[in-house]
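Worksheet for the structure shown next.
The values are calculated or read from the model by the stated rules, or taken from the named source; none is laboratory data. Every value quoted in this text rests on a predicted model; they were computed, and no experiment measured them. Virtual Cβ from ideal backbone geometry, glycine too; neighbours counted across all protein chains shown.
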Amino acid sequence: MQSKETRRVIASICALAVMALQGAPSQAHDKAQERGILAQVAPDRIEIMLTYYRPAGDHVDLLKARYDLNKNGKIDRNEANLAGQVWLKPALSGLQFEVVGESPRARAPEIKFRDEDDGGLSMAALVRYDLSKLPTDKKRTFRVRLEPDAAATSVHLQSVEGLKLVQVGKRALEKPREHSGPYTLESTSPLTATFGYIGETEKNLD
Amino acid sequence: MKSPKKRNLLASLGAIGAAIILAATLAPASCGEADRMTYSRAQRITSTAQLIGGPSARGEIGDYLIENDHVRVIVQDLNYNRGSGIFGGSLIDADLVRLGQEGDLLSGNGRDSFGEMFPAFFLEVIDPEEIEIVNDGKDGKAAVIEVRGRGGEFVTMLRLFNQVMVNSYNAQPNIQRALQNKPPRLDQEPQVELSVRYILEPDARHVRVESRIRNISFKKLEFPNKSIVNLLSTALGIDLGNFTVPAGQVLGFGKLNSPFLPGIGYDLQFGLQDVYANPIDLPALPGHRTPIVASSSKDGISYGYAIDISADGETIEERAAREHFVYAKDQEMNASGEPFYGGDAAVDDMLFLFYASGFGGVFTHQLPGALSPSFCEGDQDAQTTCEALYAGAACEGEECQGKLDSCLNSFDSCREQITGGTPSEFVFTSYLVIGDGDVSSIWDEIYRIRGTTTQEVLGRVLDGMSGQPAGAGETVLLYKARADVTAANQQCTEDEQGKPYIHSQVFSQEAGYFTLDLPPGIYCYRTRSGGSVLGDYVRFEVKAGENLMIEPVVNPPGRISVKVLDEAGQPLPAKITVVGTHPYQESPKGPRGFLFDLASGEHWRITDMIPDDPADPATRRYIEDVVYVDASGSTTFEVRPNFLDREVEEERFYDVYISRGPEYEVVVQRVQIAPGETVRVAGRLVRSVDTTDYLSADLHLHARGSIDSGLDYNRRLISLAGEGLEIAVATDHNYVSDFKPYVIANELTPWMNSVIGLELTTFEAGHFNAFPIEYDVESANRGSFQWQNQAPGLIFEELRQRSPLSPSDSIIQANHPRDSILGYFSQHNVNALNTDVVLPFQAEDAGLTDAVAAANGPAFYTELEDGTFESTFSWNFDAIEVFNGKRFELLRHFRARKEILLPVYTEYYTTEKLDERGLDVDDCVAAREKLDTDCAADPMANGCDDARGDADECTVAETEAELDAEKHLEALGEEAVIVCEGGDVAFPGHLDDWYNMLNNDRPFGVREYERQAVGDADRLAEYEKLYKRYTATGNSDSHRAEFDDPGYPRNYVYVGHDIPFNMTDKELVDGVKNHQVVVTNGPFALLTIDDTPIGGEVSTSAGKVSVTIEVRAPSWMDVTRYRLVGNGEVVASGEVTLSDTTWKETIEVNVPRDTWFVLEVEGDASMFPVLAPNEIPPFDLETAIGSLAGPFGFGGGAEGLKPELTFPVTPFAFTNPIWVVADGDGTFSPPNTPQAQCIDTVLELDGDAASALVAPGPARKLGSRRNDAIEVPFPVTHPKPVTSRIKGEMRDVRVIFEAWGHSH
């Protein structure tokens, strides 16, 4: 466990989005696309589940033609990992995740696809970022930004393992919660959420 | 509860008008009422005259009676449990005082229909050590009886779990034992004392029940045990941090009482199912929130249960927030910031968890987080206190010194904890209310206890046809008006947004009058009466201080009058099935959404289970009613009129079916019935199926003697006669019943006979039928005996010793042996592929859970001197109940086809392909992680080449594996294979078990403990033989009459004549012992080999035999095909084409080795309506336990990987074997086939194991042999994936991600 002094350091802001790490340019706004984020904050990590949908059309057909290796009409299992490398770029386009004071370490994303009833195709990606363990007397701030012209995005926030959401934006919540949302992300203002231990002690957390 | 004042009033109401009624209620109590002497007393029962008596009475001399001027209850003695539970000390009988009524010579004059009640501390119950009359009531105060003891296991599999939750014993050493694959110790010192006080005040109509848990250890105890719970939390990945331990009561109001819960009325099964459908987060638990648990019966006795809401020195809200489980949890917020129970919990809310077989479970309170030790209480110093407890006369022996030391060492910390405010005990209080038959009488008493302001409501039920007062026993249902609408004309209506809230129920008394108390408010009522359409809602308002009279109207019924004759024109017992056609209506609930109303107490109308077609009324048929005709051949009964439905486009009618089992043709007559009309139906039944020399017998039947049946013996026998059954073996649970007096009294001797038997019912170690058996008129249970903690071999021997013929002339039948916790084979871990018996925690692949969750105790194993354990499983039964009721799912081992296995094996092969490359999923994750992080920043960084190599290998392996899975599934073809889980068959079936036992020598003959118990050398020699020919049987296990299809399946037993009443017990025993039995739910099938009948043995040296197959069935039954099974494999099969109810064929079959042959016969068409489909899903104990287990991560099931439980019933029959000795040695040698096992792969190409009886091929696909079994690579009962996010619910993102895609 890190010392309290270390944990007290107000650290730099770190860009977490895979897209940002890869430095790819953002894509033009596409109304037909839909995406959502579920960000779950824990004392030692943050996990982000990103869902991304594209309607039936050339994009979907091309992806299936390339990666449906066993020709069962679906992109599943290891096919999803391959196809996911293609779709992660547009799926993350224009998104930036930050944790104040941390340099998170991303693990390889887990990716799934599913066929929608309307012929469209959806992808879900789960990414875990390891963080230093949050001291019980500290708070953790998570921020997600959207670049101009990026696809619309809804955001759910939740916390686990003793953390509770205490503030969203400039507004402190009336009562600390473990879940909040959805919020519609706008490029003009990032969504900032702060989490902390409420009613917990160091002893019973350990 | 109606006071005597009210009863007197009711008795006189018939002669006076409504105005006088209202005036009379204002009159003062009579002098007699005021002067009535009240009392309460408690005593040990010393004579039968003190017993309560009644249909479910179990009280016996030596038990404890508490009674006052209104009610009487009996607490059973410390000895073994005579109800359904494990331990003595529970409350088993309860009734009103019934002065001046005639009673039973052998017991009292009461109408007890109570089951059993005892407190549950989480799932731990009291193992009583002492029962004390604390106050006998002679002082004019409340009579009090206290039962004290240690923690006991209701289900031994939960022993360690309970220790963790309740600290009944120290769990720590048992965790250590579990790590060494040993079951929990059984000889530990208790850490807590559990007790319950039954307190009866004079003049009360309720028993106050105070349950107590007290810390008797030397240390502070946490509830639950935090250190172990933290381990569990980590292991299970669930948050138990805020878990509080609930406590409550197991409530058995008896099968004769219909349970009622406000909000869901009488529909407990689906009311609870709806609750379970919505997951709830820990630390809350799922269940129905209710202020009372009540019941009703028309026998003038009902029961209720409610929580105490008094408070001393604080408000009830303060106390409830600390102690009442539901209210306390509702003060806490779930992950979404919402109260766990919606925020509207009341202080008197209880959590009703399950209901099965007349028993329910309710959690009322929660234990405090910790209890201090109690030994240091008082003002004495340490030395004085400890020596008083553990020195001198108080305690003698070596262990006392250790306790004395512990006492002295712990004294200061003990005092510190107590003075610090941690209590040493926790007491929770509830009430058992005894009513006069309806739910309102329960409410009346609860209002009185709580001082609730109520207003008396008087009513009179009128007949809708004549306008005249109805009689007694009409039901009026009371509802709270809808609160979501304000318009008066909508408050008592139903729509998609809401409906009135069912609150209570009252029966009309003589001349239709009734009375009840209600708090002021707006209510609705409606009427329900047998044979009538449910009444419309009627709104009424109760105002404080204003008398009120209501006049509910009962809709007039229709009536059907039936006459049944045989071919000679003589009256004949029969079954009448009234079949209707319902309109096409879409409902998410299916027919129960529109065809009947379970909440109001209407019975289920079973449908044909054909998908409804709006254009075809023949797809929308249902059974409106079932009635049995007695020996007179005639009856008249009420039925809902259908004439009114002429208003709709489709014409409504009933088809009235007259049937008498599978040997008779069916007569059908179509009728239309208007309200108030009586329609006459007559039919002459023709017996078309010849069963000469065989009598049909049901060897497993329940009635009044069974705590989960209570069925009147007369109705039991009439229903069986109506189904054409000829021999009825009475097998009540732990109660010896004799049907013969009722056969004679109902003049059924021309058609049937009976045999005295018993179903010895253990709680979790198997159910065993024994017949014939001695009937002991002086015993409360007429000759049953203690089974708790007895090894099965001892139980079998005790049963044999009680045979009136001889120990050798008795039949022991293992009932439904694979029925989960009720199954002998399941609970004793009999291998479903090779008949091995291995204790789960001693199996080669045993894990921690095998030691933790295995059934344990002396009923299951003996600990040997070397520290190992030996199973007590006994093979010395005679018959296996292969076919139980309509439970086709228990007939064969569950098998799955490739479409079900596709996703399972795709995952499986992915893992395998990675293994081939020396990789696993973690390697792939690590490699890809490195590429995405370190190597992304610096492609030349150390280790990146290796990571790239591994990642490429992973990708290739995964792709190959997926394609291989496809290929292998193609190879599987259309065959179905047995599904295994953890090396065992996931859902075993009896027929496959029986075939395995016919195929193999037993792994052992007699255990040492059996050898000592069986004195008879001849019998022992017989038991020692390793090959045993078990007889297969099939029985209905019926607990009810109508809608239960008693007698299906049945056994045709060879007795050599056709006169049931002439059959002797010995003839039945010989027929079963000699395997001369055909098991069927319809067709009659015969098999002869070289002229030898079923059960016989043939010797041949010709290498082949002549097999004659014969099938007989009535014209209404579809029989399509036969299969001839030799040594477990199908050796011949073909079509059956009945001509004039008979089909016969002779074939030649090769017998290169000793072979046993069994004939299977089946059809495809449903036998609706003569045999109703199995449409009502079971609500069994597993569901109940599952309701608790679900939040802990257990339960659920993988879609498609478990057997269907609801289906139409189709014809199926099989014979017992004929054994063919073909090797010339004169002795049948079982094939002892290569031991089958669960394999991990799909492809199994082999030839060497193929039997010569099965045409061998160059290679075979898995699934082509009976015991081909496949291990699925994940638990078939893994937690059900979260399919969608619901409002207000939070789930871990990992769970959401895993579930994503499954729901689509």
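On the basis of being under 29 Å from the mean Cα position of the chain (by Cα), under 20 Å from residue B:598 (Cβ atoms) and of a type in the set (A, V, I, L, M), does residue B:194 make the cut? Taking the combined requirement at face value, the residue does not satisfy it.
Residue A:166 satisfies every condition listed in (1) in a strand (DSSP E or B); (2) in contact (Cβ under 8 Å) with a residue 40 or more places away in the chain; (3) away from chain B (no Cβ under 11 Å) except (2). Restricting the range B:310-342 to residues that are in contact (Cβ under 8 Å) with a residue 24 or more places away in the chain and within 14 Å of another protein chain (Cβ to nearest Cβ) leaves a set whose member that is surrounded by the fewest Cβ atoms within 10 Å (Cβ to Cβ) is B:332. Only one of A:82, A:63 is modelled with pLDDT of 80 or more, within 11 Å of chain B (Cβ to nearest Cβ) and touching a helix residue (DSSP H, G or I) at 6+ places or on another chain (Cβ under 8 Å). Can you tell me which? The conditions single out A:82.
The strands (runs of 3 or more DSSP E) falling completely within the range B:971-1067 that include 3 or more residues that are under 30 Å from residue B:577 (Cα atoms) and at pLDDT 95 or above map to B:1031-1035, B:1050-1054.
Specify the residue that is surrounded by the most Cβ atoms within 10 Å (Cβ to Cβ); the eligible residues are those in the range B:862-896 that are aromatic (Phe, Trp, Tyr) and over 22 Å from residue B:1028 (Cβ atoms). Among residues in the range B:862-896 that are aromatic (Phe, Trp, Tyr) and over 22 Å from residue B:1028 (Cβ atoms), the one surrounded by the most Cβ atoms within 10 Å (Cβ to Cβ) is B:894. Residue count for the range B:811-839, restricted to those that are assigned to a helix (DSSP H, G or I) and in contact with a strand residue (DSSP E or B) (Cβ under 9 Å, 6 or more places away or on another chain): 3.
Okay, residues lined up against (1) within 8 Å of chain B (Cβ to nearest Cβ); (2) closer than 26 Å to residue A:187 by Cα:
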site: A:52; (1), (2): no, yes
site: A:58; (1), (2): no, no
site: A:69; (1), (2): yes, no
site: A:96; (1), (2): no, yes
site: A:102; (1), (2): no, yes
site: A:105; (1), (2): yes, yes
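Within the range B:917-933, restricting attention to residues that are modelled with pLDDT of 80 or more, farther than 12 Å from residue A:107 by Cα and not in a helix (DSSP H, G or I), the residue that is farthest from the other protein chains (Cβ to nearest Cβ) is B:918. Within the range B:920-943, the residues that satisfy the criterion of being over 21 Å from residue A:128 (Cβ atoms) and hydrophobic (A, V, I, L, M, F, W, C) are B:940, B:941. Filter the range A:50-86 down to residues that are small (Gly, Ala, Ser) and surrounded by fewer than 18 Cβ atoms within 10 Å (Cβ to Cβ), then give me how many there are. Final tally of qualifying residues: 4. Quick check, is residue B:583 over 22 Å from residue B:460 (Cα atoms), surrounded by fewer than 19 Cβ atoms within 10 Å (Cβ to Cβ) and either without any contact (Cβ under 8 Å) to a residue 40 or more places away in the chain or of a type in the set (Ser, Thr, Tyr) (or both)? The answer is no for residue B:583. Here the condition is being out of contact with any helix residue (DSSP H, G or I) (no Cβ under 8 Å at 6 or more places or on another chain), over 26 Å from residue B:713 (Cβ atoms) and aromatic (Phe, Trp, Tyr); of B:1027, B:1054, it holds for B:1027 alone.
Among the residues in the range B:417-433, are any surrounded by fewer than 17 Cβ atoms within 10 Å (Cβ to Cβ), closer than 30 Å to residue B:223 by Cα and modelled with pLDDT of 95 or more? Yes: the range B:417-433 contains one or more residues that are surrounded by fewer than 17 Cβ atoms within 10 Å (Cβ to Cβ), closer than 30 Å to residue B:223 by Cα and modelled with pLDDT of 95 or more.
Condition check ((1) at negative phi; (2) surrounded by fewer than 23 Cβ atoms within 10 Å (Cβ to Cβ); (3) touching a Cys at 6+ places or on another chain (Cβ under 7 Å); (4) away from chain A (no Cβ under 14 Å)) across all residues:
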| residue | (1), (2), (3), (4) |
| --- | --- |
| B:175 | yes, yes, no, yes |
| B:180 | yes, yes, no, yes |
| B:207 | yes, no, no, yes |
| B:229 | yes, yes, no, no |
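For the range A:169-183: of the residues being more than 8 Å from chain B (Cβ to nearest Cβ), modelled with pLDDT under 75 and in a strand (DSSP E or B), which is surrounded by the most Cβ atoms within 10 Å (Cβ to Cβ)? Once the filter is applied, the top-ranked residue is A:181.
I'd like to check something: does the range B:581-598 contain any residue that is part of a strand (DSSP E or B) and either of a type in the set (Phe, Trp, Tyr) or farther than 23 Å from residue B:722 by Cβ (or both)? Yes, because at least one residue in the range B:581-598 is part of a strand (DSSP E or B) and either of a type in the set (Phe, Trp, Tyr) or farther than 23 Å from residue B:722 by Cβ (or both). When B:717, B:748 are screened for being more than 28 Å from residue B:85 (Cβ to Cβ), in contact with a Leu (Cβ under 8 Å, 6 or more places away or on another chain), part of a loop (DSSP other than H, G, I, E, B) and modelled with pLDDT of 95 or more, only B:748 passes.
Put simply, of B:849, B:933 the only residue that is of a type in the set (S, T, N, Q) and within 38 Å of the chain's Cα centre (by Cα) is B:849.
Could you tell me which residue of the range A:33-49 is surrounded by the fewest Cβ atoms within 10 Å (Cβ to Cβ), considering only residues that are acidic (Asp, Glu) and more than 10 Å from every other protein chain (Cβ to nearest Cβ)? Checked the range A:33-49; the qualifying residue surrounded by the fewest Cβ atoms within 10 Å (Cβ to Cβ) is A:44. Can you tell me which residue in the range B:768-781 is nearest to residue B:792 (Cα to Cα), limited to those that are within 25 Å of the chain's Cα centre (by Cα) and crowded, with 24+ Cβ neighbours inside 10 Å? Taking the candidates together, the pick is B:768.
When B:1125, B:1105, B:1130 are checked against the criterion of being in contact with a Ser or Thr (Cβ under 9 Å, 6 or more places away or on another chain) and either among the hydrophobic types (A, V, I, L, M, F, W, C) or free of Cβ contacts under 8 Å to residues at least 40 places away in the same chain (or both), B:1105 stands alone in meeting it. The set of residues from the range A:145-160 being away from chain B (no Cβ under 14 Å) and of a type in the set (A, V, I, L, M, F, W, C) comprises A:146, A:150, A:151, A:152. Here is the figure for the range A:123-144: residues that are within 14 Å of chain B (Cβ to nearest Cβ), buried (at least 21 other Cβ atoms within 10 Å of the Cβ) and either part of a helix (DSSP H, G or I) or over 12 Å from the mean Cα position of the chain (by Cα) (or both) total 1. Of B:301, B:292, B:307, B:264, all but one fail to be touching a Lys or Arg at 6+ places or on another chain (Cβ under 6 Å) and surrounded by 20 or more Cβ atoms within 10 Å (Cβ to Cβ); the exception is B:301. In the range A:184-201, the qualifying residues are those that are within 14 Å of another protein chain (Cβ to nearest Cβ) and either at pLDDT 80 or above or more than 18 Å from residue A:40 (Cα to Cα) (or both), and the one that is surrounded by the fewest Cβ atoms within 10 Å (Cβ to Cβ) is A:199. For the range A:85-92, check the following and say yes or no: at least one residue is assigned to a loop (DSSP other than H, G, I, E, B) and at negative phi. The answer is no, given that none of the residues of the range A:85-92 is assigned to a loop (DSSP other than H, G, I, E, B) and at negative phi.
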